[in-house]
């Protein structure tokens, strides 16, 4: 069977070339299928007075059906998806979803649609975005399209969901505020029997600040348990830390032991990106890293709390250098703001969890190294695995003047990586 594919005699370089070609062909076929689904929909407009294809069950009057795509996308004849689904050999539901995604992209997310058909974004990823935007107004969908499409290389489901939430917040702030209040009202802690009697599954829905503090505290306790000789995995030690919290005195003793060592400040840090115009506007919005968009009402409430510290914005043009291997805190933060994720091709690991690598290998002054090696333009975030690949795996890279990175692999193949900053777009910037 392996030989029937004609790959048994391929060299390493030929394998990579064929893999690349196969992926391009697969992406082109998926994009073509989306275009054909959109055309099928256009060939089957819903007759006047009849029920369109959609989600839900129509009542006796044909009402109660949610259209396949959002406001402004054409409605489709009720039974059109069935024939398409039968031809594809998929279920009616899968056929409806394909048509709905195609309509949403073509008529409400045209930038993303164009990126799919240019090969910049795979169809499956664009379809994930389309399913997030169907409830948006036309203006909000247009803005979401701009946000998501601004950096095609960074589109993924988590990031897209945050950007769509931002669009919803900016164009329907009353609903966004209501959603925040509803979410806060649903906070709770739920305990359910696990797979075996010895384990209980715990589900928590918390205020985002409290969740961040809990995350930090569990890490603190897990580290302290390791110092005391616990060699279980980090996840297991974090689970044990939850049990420690059930005994407040034991938790205080462990935490006091770690804090006395001076390992960390005991402060939870959330990074907020907020423009001056948003701060002065009740309908403004801010973006919390790893959390998403939030209304000014929620942000002001957090900023008034005594356990929140406000730090000034960094001067992103600063280019000072230091004569030591590890960068000072301001320099590390500048690089993390400049590059949101690991700069290795295809990696999206958040830079806050990465190492800072010297593009030109650091050589200590004692060994004859030049001064000024540790500076922002000679540092880049690499996750630990890709840091090792660069150090030991025959990968090399350089940073261009426009901020892109060019990597050279073991077989001399080259990859260009675009990494955007964390500073979010606003309606005025787009």
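FYI, it's all coordinate maths here, none of it is from the lab. Since the structure is predicted, the reported quantities are computational estimates derived from the model, not experimental observations. Quick reminder, even Gly has a Cβ in these numbers, built from the backbone with ideal geometry, and neighbours come from all protein chains shown.
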Check your understanding: How high is the relative contact order of the chain, in percent, counting Cα pairs under 8 Å that sit 6 or more residues apart?
Key -> 9
Exercise for review: Treat each spin label as a single point 7 Å out from the Cα along the C-beta direction, and report the residue 18 to residue 391 distance in nm.
Suggested key: 3.6
Check your understanding: To the nearest 10 degrees, how steeply does helix 123-133 sit against the main Cα axis of the chain, on a 0 to 90 scale?
Key -> 90
Check your understanding: For the residues 407, 190, what sequence is obtained by ranking on other C-beta atoms within 10 Å, fewest first?
Key -> 190, 407
Practice item. Taking the Cβ of each residue in 362, 405 as the centre, tally the other Cβ atoms inside 10 Å and list the residues starting with the fewest. Key: 362, 405
Point to revise | Dimensions (Å) - the chain, Cα atoms, principal axes, largest first | key: 78, 60, 54
Check your understanding: In nm², what is the average projected area of the convex hull enclosing the Cα atoms of region 105-198?
Key -> 8.4
**Study point:** Within a Gaussian network of the chain (alpha carbon springs, distance under 10 Å), most fluctuating of 328, 152, 74
**Key:** 328
Revision key, fill the gap. Eigenvalues of the alpha-carbon gyration tensor of region 293-424, times 5 and square-rooted, give semi-axes in Å, largest first, of 30, 20, 13
Practice item. Quick one: angle between helix 173-185 and the longest Cα principal axis of the chain, in degrees between 0 and 90, rounded to 10, please. Key: 60
Exercise for review: Go ahead and estimate [θ] at 222 nm for the chain from helices alone: -39,500 (n - 2.57) per DSSP H run with n ≥ 4, summed, over the residue count, rounded to 500.
Suggested key: -14000 deg cm²/dmol
Check your understanding: Who wins for biggest fluctuation among 104, 26, 166 in a Gaussian network model of the chain, springs between alpha carbons below 10 Å?
Key -> 26
Review point. Is the shape of region 31-148 rounded, prolate or oblate, going by the alpha carbon gyration tensor and its root eigenvalues a ≥ b ≥ c, with a/c under 1.5 for rounded and a/b larger than b/c for prolate?
Key: oblate
Check your understanding: For region 329-417, what relative contact order do you get, as a whole percent, if you take Cα pairs closer than 8 Å and at least 6 residues apart?
Key -> 27
Check your understanding: Counting every Cα pair in region 361-427, what percent are over 15 Å apart?
Key -> 65
Exercise for review: With everything on Cα atoms, drop me the angle between helix 248-259 and the longest principal axis of the chain, reported from 0 to 90° to the nearest 10.
Suggested key: 60
Check your understanding: Which value in Å does the Kirkwood hydrodynamic radius of region 192-247 take, with 1/r averaged over all unlike C-alpha pairs and then inverted?
Key -> 12.3
